[in-house]
Amino acid sequence: MSEYNLKNFLSRIVLVALVGAAVGFGYSLYLPRYYQVMAKIVIVPSGSSPTAGANLFVEAGNTAEMVTSPSFQKNIFGDNAKFFWSAEQFKNSSTVEINFIGRGNDIETIENIIAKLPENISIYSRDIYGGSPFKYLLVSDPEVSAQPVRPDVLKNVAWGLGAGFILYFFYWLFVESFVAGKRAVEKEKEILLTSPAIPFESAPTEPISYEPIPEPEPTPEPMPEIFPEEEMEPARIASQNEAGGGKKPVSQISPAPDNLPISEAPVAPKTSEYQEPSDEEVKERLNRLMRGEL
C-alpha cells in the first residue's frame, strides 16, 4: 500500500469510526433514562441468640445472596422484581447495599418497595432460620442518582466507535479493494484503447549504391590458321600431268572450316543457263578464300 493510499485509508476509517460514535451517542439520547435508587440495610442481633453478634459480618453476605435469589424476588417482589438491580455486602461490614433501577415515574414505586424491605427480609429469614436471630433496619432514606445510569452514553459511544472501525475495515477488505482493482484494470484497458498508436520508426539506413557490373565483351573465337599449300614443284606437276593422261592438276585444299563467317551479300539469282567458271576464276576465289576475304 502506497503512502497516499495509507493516508486515504486512515482518514476514511477514522471518519467512519467517528460517525459510528455519533450514532452511538444519538442512540443513547433516544433511549429512555433510568435512575438508580439505593437502600442500605444494617443487620443487628435481636438479643434472642447469644451467638448472633459474632456472625453479623457473615449474615450480611448471606442476606445479600438471599435477596438476589429467584425465590425471594418472586415471593417478596413479585411484579416489582423488574426494578431490582443488585445486592451486595457494603465494605466488609454488617450493612447490605441494595440497588434498584427505574425510570423517573417508577421512583415512587421503588421507594415503597424499599420502605417495606426490612420487614420482608425478616419474615423470609424467619422461615429459613426457624426464628428471628437478626433485625434488619434501614440506615437512611433511599438515595436517587442525580444523573441517569442508563443508557450509558460513554459506553454506547465507545461501542459505536469500535463498530465503525470494524465495519469500514471489512468493507475496505472485501469491497473497496476489489472495486479498486477492477477499476484499475478497466482504466488500463481504456488507456490502451484510446491512446494513439505510436508509429514504428526504424533506424535510418544509408542507401546502398549499386555499381553496374560491366558485361564482359564477347571474345571472338580464334580463327583457324589456314596455311596455303606450298607451290608444287614444276617437275612434280609435270609428272602428275603425264600420269594423268594430260589432265589438269587439281590443287589439294583442305575443306573450309565450319566457323567461317557467312557473307551477308545478296545472292545473285540463279539464271537459267549455267556457266562453268573458268580456271582463272577458280584460282582467284581460292586465293581470296585463303586470305579470308570471302
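For Pro45, only one of the following conditions fails: (1) buried (at least 18 other Cβ atoms within 10 Å of the Cβ); (2) under 25 Å from Val149 (Cα atoms); (3) at pLDDT below 85. What is its number?
Against the list (1) buried (at least 18 other Cβ atoms within 10 Å of the Cβ); (2) under 25 Å from Val149 (Cα atoms); (3) at pLDDT below 85, Pro45 comes up short only on (2).
Answer yes or no: is there a residue in region 125-137 that is surrounded by fewer than 16 Cβ atoms within 10 Å (Cβ to Cβ) and under 29 Å from Val19 (Cα atoms).
Checking region 125-137: not a single residue is surrounded by fewer than 16 Cβ atoms within 10 Å (Cβ to Cβ) and under 29 Å from Val19 (Cα atoms).
Suppose we keep only residues that are under 20 Å from Gly102 (Cα atoms) and polar (S, T, N, Q) within region 134-187. Which one would you say is modelled with the lowest pLDDT?
My answer is Ser140.
I'd like to know if region 91-102 contains one or more residues that are part of a helix (DSSP H, G or I), more than 26 Å from Gly26 (Cβ to Cβ) and aliphatic (A, V, I, L, M). Working first, answer last.
Going residue by residue through region 91-102, those that are part of a helix (DSSP H, G or I) are none.
There is no residue in region 91-102 that is part of a helix (DSSP H, G or I), more than 26 Å from Gly26 (Cβ to Cβ) and aliphatic (A, V, I, L, M).
A quick yes/no check of all residues on (1) in the same structural domain as Tyr129 (by TED's automatic domain parsing); (2) buried (at least 19 other Cβ atoms within 10 Å of the Cβ); (3) at pLDDT 90 or above; (4) within 60 Å of the chain's Cα centre (by Cα):
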position: Asn55; (1), (2), (3), (4): yes, no, no, no
position: Asn80; (1), (2), (3), (4): yes, no, no, no
position: Ser86; (1), (2), (3), (4): yes, no, yes, yes
position: Ser93; (1), (2), (3), (4): yes, no, no, no
position: Phe100; (1), (2), (3), (4): yes, yes, yes, yes
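The values are calculated or read from the model by the stated rules, or taken from the named source; none is laboratory data. Because the structure is a prediction, the values reported are computed rather than measured. We place every Cβ from the backbone using ideal geometry, glycine too, and count neighbours over all the protein chains shown.
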